[in-house]
Every structure is written in C-alpha cells, then in structure tokens.
Amino acid sequence: MALEEINLIWLEGQDCAGCAISVKQASNPTLIDVVTGAIPGLGGLKLVFHPTFMFEWGDDAAKVLVDAMEGKYDPFVLIVEGAIPDEARAKPGVYCVIGEYEHNVLMLDEVIDRLSEKCAAAVAVGTCAAYGGIPSGKPNPTGSKGLLDYLGKGWKGGLGLPVICIPGCPPRPDNIVQVLGHAVLAARGVAPLPELDKLHRPVYMYGNTVHENCSICGFYTGGVAAHGFGEKGCLGLVGCKGLITNCNAPSMWMDGHGGCMQTGSPCIGCADPNFPDQPTSPFFADAPPIAYLTNFLHGLGGHMKFALAAAKRRKI
Ligand code: SF4
Ligand code: SF4
C-alpha cells in the first residue's frame, strides 16, 4: 500500500548548519534509508525544503516556502535549525532573512508564524533551535530564543503534538533521524510519540546525564583524574560538565563509535538549555561543586544498596 506523502520542511535561522552536517552522518537509520523509504512505515517522505541540501536556488527555492505557506505542501513536518531573533529590536533593520521571492524578503519569524499554523508537527533540531543556544548567549544582542519559547510550551501542531526538542551543538546524528522518524510515524498514526520530559526532549535519549552514560566513568569512581588534555583519567578537572548535562552522546557519536569522552574531550554541556551561559561556561572551568556533592551522595546510596543486596544474596 502506498503511504501518504509527508513533506519535510527544514528551515535554518541563526545557525551554523552544524546540525545539517550532523544529520548526514546518521547511521541507524541513515538519512538515505529514511528518504528512500527503505525503513518500513517511513516511505513517502519528501525533503522539499532544506537551504543546504536542496538543488533549487534563488526564487525557485524560495517559492517552495511561499507555496508551503499557502498550503501546497500539506501535510508537512516543520523542522527548525537555529535560533529565532526578536525582529522588533532590529527595526528599522532586520536580523534574519532566509530568502527572497520576487524581490520580497522572507523573514524567519514570519515564515515560522505561517508554517506553524499548518504543520502536522514541529521539531527543533539543535540547542539553538530548542532553547536559543549560542545566538542567545549573554548579552543576546538580537533577543534570540528557541522554538519552544517562540511558539510556547502549550503550542500544538496539527496532530496535537507539542514542539519536540533535540538539543546538542550539534545533536548526535541518530538522535535527529530517529526523532524525525518517530514524528512521521506519529503523524501517520502508526506509533505513539516517545515520552517527552519537561524540556520537551525524548526521555529515552536525554533521560540520563552524560556522567551516567560516560565510557570512562570508572576513572571517576576510582579517583583517577586527568589534569591536562591527553592524560589518562576522568576529565572532571579539565572542565567536564557531564555531571550537570543530560545527553546520550559521550560513548558513541555515529555507528557505535566516537563520542566526546571517547575522543578525549570533556563535555562542554552543549545539550544543556543554559548553554553557552553558566553553569556550562566557562567551558573548561570545573562543574559547580554542588554537582560533585550531589553525585557523591547519590553514589554512596547506590554503593550501599549494592552491598546490602550482595550480602543478602550470600545468605540465601
Ligand atoms: S566527570 Fe565527565 S569525564 Fe568524568 S566520568 Fe563524569 S562524564 Fe565522564
Ligand atoms: S557529551 Fe556534552 S559536549 Fe558532548 S554532545 Fe553531549 S552535551 Fe555536548
């Protein structure tokens, strides 16, 4: 049976296109698997607008957005990469133009306003799109914010779904593709959307801290600390923010390989909603002491629980 066609419209606002580069690395499934319909239930997807990947340019590209605002590409999932500035501050100037059609500029905020009225679902890819990220870092000269704040936590798309956030700067490639896949399956009524937390992140991806997911956490437990880059040991004393950041990237980036700690880099908290402001910055300053204390108490409780359980099993 032919699946109903669902269009994907990917906008780039105040961004560096890093999330677009990241999604190309996805391996489980790959972007090609998704757009060619190799994954059951995901056929019929069409990436109709993407400023970095599409073939069209100039008026031909901008016309897709103009037509989408008129409803020609319904049903579609709106994907936003990059933050959204407060254009009211820029008057009489402008902060974020994303195209020009027949000599009329297309402003990011106006396009989002129109498309968010029609989209089946909206996905914020990357920390900038989710919570403001680097463009909204202090002193935030353009008043930029993420899609969640821009549309509001109570906003719902045509399918009754709220904004779905995939933070990270950039996010892990598979996180992006898997969430898009979920959004499309939900749009078709084939599968429910995964549970989201209060920051609208899928719990199964962002439900644990980097520290809990860390591949070198054994060094922390054993008290072995690196005091400089390239040294063996936990990276906590070279600025790791893994104790205060929720992210599933540390032990694998793509295809089961890579990840920040695997490459010797401390976590800079790029998936945190406060990034790049405190407490994720300065990037190479220690995480707040309270995070270590909380983790110590948490660990103490965990160790005691295991010790008691082991003692009890011995008696049996
Ligand atoms: S502090 Fe950072 S490097 Fe150390 S164990 Fe935790 S997440 Fe891993
Ligand atoms: S582990 Fe930290 S620095 Fe690495 S992607 Fe996740 S939040 Fe960003």
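Values in this text are rule-based calculations from the coordinates and carry no lab data. Source: prediction; values computed, not measured. Methodologically, a virtual Cβ is constructed for each residue, glycine included, from the backbone with ideal geometry; neighbour enumeration extends over all protein chains shown.
Based on the Cβ-Cβ distance of Y292 and N140, what FRET efficiency does E = 1/(1 + (r/R0)^6) give at R0 = 35 Å, to the nearest 0.05? Rounded to the nearest 0.05, the efficiency is 0.75.
For GluC sites (Glu not before Pro), the sites in region 188-284 that DSSP calls loop and that have at most 11 other Cβ atoms within 10 Å are E195. The separation of region 1-48 from region 93-113, counted between C-alpha centres, amounts to 24 Å.
At an R0 of 41 angstrom, the distance between the Cβ atoms of A90 and A38 translates into a FRET efficiency of 0.40. Taking the chain as a whole, the Cys residues whose C-beta sits 4.7 Å or farther from every other Cys C-beta are C16, C19, C96, C119, C128, C165, C234, C240, C247, C260, C267.
If the segment from H103 to T263 were pulled out straight at 0.36 nm per residue, it would be longer than the present Cα-Cα gap by 52.9 nm.
For the chain, the 222 nm mean residue ellipticity estimated from helices alone, with every DSSP H stretch of n ≥ 4 adding -39500 (n - 2.57) and the total spread over all residues, rounds to -9000 deg cm²/dmol. Packing, as the average of other Cβ atoms within 10 Å across residues, places the peptides 171-180, 197-206 in the order 171-180, 197-206, highest first. Between A17, A249, A83, the GNM of the chain built on Cα springs shorter than 10 angstrom shows A17 fluctuating the most. Extension gain, E195 to A225, is 7.2 nm, computed as 0.36 nm per intervening residue step minus the present C-alpha separation. Extension gain for the segment F306 to I21, taken as residue separation times 0.36 nm less the Cα-Cα distance, is 98.3 nm to one decimal.
Got the relative contact order for region 6-205 handy, in percent, Cα pairs under 8 Å and 6 or more residues apart? Reported as a whole number, the value is 24 percent. Evaluated at q = 0.06, 0.07, 0.08, 0.16 Å⁻¹, the base-10 log of the normalised Debye intensity for the chain, with identical point scatterers placed on the Cα atoms, takes the values -0.23, -0.32, -0.41, -1.30. Normalised by the number of residues in region 155-262, the average gap of Cα pairs under 8 Å and 6 or more apart makes the relative contact order 22 percent.
Most simply put, region 6-205 has about 30% antiparallel DSSP beta bridges, counting only bridges with both residues inside it. By the count of neighbouring beta-carbon atoms within 10 Å, fewest first, V190, V111, V35, V125 end up ordered V190, V35, V111, V125. Checking the cross-link pairs K145/K198; K198/K241; K91/K145; K91/K153; K63/K138; K91/K138 against a 24 Å limit on the alpha carbon distance flags K91/K153; K63/K138 as lying beyond it. In a GNM of the chain with a 10 Å cut-off on Cα contacts, which of G207, G236, G133 has the highest mean-square fluctuation? The residue with the greatest mean-square fluctuation here is G207.
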